[in-house]
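Down below is the structure, laid out as structure tokens.
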Amino acid sequence: MSEFKPTNPLIRWIEHRLPIFSFLDHAVGSEYPTPRNLNYWWNYGSLAGIALMILIITGIMLAMQYTPHQDFAFDSVERIMRDVNYGWLLRYVHMNGGSFFFIVVYIHILRGLYYGSYKEPRELLWIIGVTLLLLMMAAAFLGYVLPWGQLSYWAAKVITNMFTAFPIVGEPIVTWLWGGYTVGNPTLNRFFALHYLIPFVIVGVVMLHIWALHRFGSSNPVGIDANGPQDKIPFHPYYTIKDLFGLGVFLTLFAALVFFAPNMLGETINYVEANPLVTPAHIVPEWYFLPFYAILRSVTFDLWFLSAKLIGVVLMFGSTMILFLVPWLDRSPVRSARFRPWYKWFFWIWVFDCAVLTWVGANPPEPPYLYIGQVGTVWYFSHFLVILPLLSIFEPTKPLPSSIGEPVLKGGGAATATGAASKPMEKA
């Protein structure tokens, strides 16, 4: 490994006293070796970090203008939109930034599932990533309540009431969350404080995630470890350029949504101030919670001494918690779906199932949506608890290449051989 030697006098002066630049060079610069075959699906980790920074910066600026009180919260949001300089832009960037954050993180997780990035020795990296997902969900739910619109209020009431399904501890948990005996001013204050705090906790966990990533390096589409220097290239400039291109596409789509359709992913009824005496006809969470909401509502029957409500709540939480177990449920020695023909099909069926659950969650809990949601819920859990273990035993896999560069080099070699063979014929 070459020693970092800055040429700029100021950077050299700082580096001698605080070696921050050499640390960055080692972490994400020319000193960080990465597999040479990473594709654009590996962009989404850095995009998630950028989306997080956008949310934190806009969140701090919005907090300067927001009043966490049940009598003033809705009006303070309206004031931000109407009277604060570029307040409308701050709010739309923050609101849609949350949606884009979930989009890139969901794609990041799907990439990990498809290419087997959770397999040994990266189990802890995967576990930290799922922990980040849970923290994101908590922050998003808490933030959804803050505008104090109709859906904000009633979503808070419905979701927090789920804990009453748990015997003995359920009621005290709900009372603590509410800060009283109904959703009110203490609830709003607690949710605001936690919503402001959790993103900084996420930043700390992200640091652990990056630390764990650097322990064994990035996975790659082939799913085998790099055999030596010939299989690796520096992160900078090769992947920083690739990430910048992905960032350009991300910001273009993000700006299009913010400026031309800022409320497309939201509910218009949330622009009506919260009224505890008027229940909305159809209470739905944000779109990124819809598949879990569909799972919650799919259980309509009691089972022995377990109530339907308790089973639904357990399944809803379990739909995320089961991701922690994926490294041990999938025991196949082959990582990448490129060499697992059966797993590839079941993976895309599962993705389709998640899309169907999202659609079901956005519709009322009545036939036929209810029946479709029940089938989708059964398939969701069967994928992890039945299909993955069985594939680990019975799936025939394709032979793996000897190195991550072999597929490319073999193609180049074949082309060279063909070209060499054609030359004598041309001469003849």
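Since every read-out is calculated from the coordinates, none of them should be taken as a lab result. This structure is a prediction, so every number in the text was calculated from the model and none was measured. Here the Cβ positions follow ideal geometry from the backbone for every residue, glycine too, while neighbour counts run over all protein chains shown.
Table for the structure above
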item	result
Of Asn220, Ala73, Ala51, farthest towards positive along the dipole that unit charges on Lys, Arg, Asp, Glu beta carbons give the chain	Asn220
Selected from His69, His16, His236 as most flexible by GNM, with the chain as the system and alpha-carbon contacts under 10 Å	His16
Magnitude of the charge dipole, the chain, Cβ model with Lys/Arg +1 and Asp/Glu -1, debye to 20	1120
Average Cα contact separation per residue, the chain, under 8 Å, 6 or more apart, as relative contact order %	21
Under 21 Å between alpha carbons - lysine pairs in the chain that sit 8 or more apart or on different chains	9
Among Phe347, Phe101, Phe260, residue whose mean-square fluctuation peaks in a GNM of the chain (springs only between Cα atoms under 10 Å)	Phe260
5 angstrom amide H check on Thr34, placed H, neighbours 5+ away	Ile233, Phe235
Helical segments meeting 24 Å axial Cα length and Kyte-Doolittle -0.5 threshold in the chain (DSSP H)	44-63, 87-115, 123-145, 185-216, 235-260, 341-361, 406-427
Difference of contour (0.36 nm per residue) and Cα-Cα distance, Trp13 to Leu370	121.9 nm
Pairwise label distance in nanometres, Met53 with Val272, each label 7 Å out on the Cα-Cβ vector	4.1
Highest-MSF residue in the chain out of Glu273, Glu15, Glu78 [GNM, Cα springs under 10 Å]	Glu15
